[in-house]
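Read the structure below first, then the notes.
The values are calculated or read from the model by the stated rules, or taken from the named source; none is laboratory data. Note that the structure is predicted; figures quoted are calculated from it, not measured. FYI the Cβ positions are ideal-geometry reconstructions off the backbone, even for glycines, and counts take in every protein chain you see.
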Amino acid sequence: MATDYDEVRSDVRESQDRSLEALQSANAPDARSVVSELDESDALDDAMTPGGEIVAEELIVQVIPQAADEFTCYSCFLVRHRSQLAREKDGHSYCIECAG
């Protein structure tokens with residue numbers, strides 16, 4: 001008698017059918033409820049810091065313009081003092097750390 005070794009065994013097939021039935025009968029959330037839950041959690045994250053503390057105040061930062069003895073490195077984009085200027089090429093300035 002020939003045996004087909006590629007055929008799924010009957011006990012495995014029954015197990016697969018039962019697990020499929022269990023998945024189909026499970027109370028899976030619909031897409032709309034998942035999207036609304038995600039939107040609610042995003043709204044809460046806007047006022048939270050990484051530590052989970054709620055911050056209700058605005059941060060005020062004073063921007064100081066670049067001084068005459070400073071330059072912005074074209075490679076690292078940091079504002080540096082002219083003493084750290086390594087080279088200028090094609091109108092772009094590079095600091096010592098980026099040129100080396």
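Some points to look at:
- Residue within segment 56-63 that is closer than 30 Å to Cys98 by Cα, among the aliphatic types (A, V, I, L, M), exposed (fewer than 10 other Cβ atoms within 10 Å of the Cβ) and modelled with pLDDT of 75 or more present: yes
- Pairs are defined by a Cβ separation below 7 Å, a sequence spacing of at least 6 or placement on different chains, a first member in segment 74-93 that is over 18 Å from Ile64 (Cβ atoms), and a second member that is of a type in the set (Phe, Trp, Tyr) and part of a strand (DSSP E or B); the pairs so defined are Tyr74/Tyr94; Ser75/Tyr94; Leu85/Phe71; Ala86/Tyr94; Arg87/Tyr94; Ser93/Phe71.
- Whichever residue in segment 11-25 is hydroxyl-bearing (Ser, Thr, Tyr) and modelled with pLDDT of 75 or more and, among such residues, is nearest to the chain's Cα centre (by Cα): Ser19
Matching residues to (1) more than 31 Å from the chain's Cα centre (by Cα); (2) at pLDDT 90 or above; (3) small (Gly, Ala, Ser); (4) surrounded by 11 or more Cβ atoms within 10 Å (Cβ to Cβ):
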{"position": "Ser41", "(1), (2), (3), (4)": "no, no, yes, no"}
{"position": "Asp46", "(1), (2), (3), (4)": "no, no, no, no"}
{"position": "Ala67", "(1), (2), (3), (4)": "yes, yes, yes, no"}
{"position": "Phe77", "(1), (2), (3), (4)": "no, yes, no, no"}
{"position": "Ser83", "(1), (2), (3), (4)": "yes, yes, yes, no"}
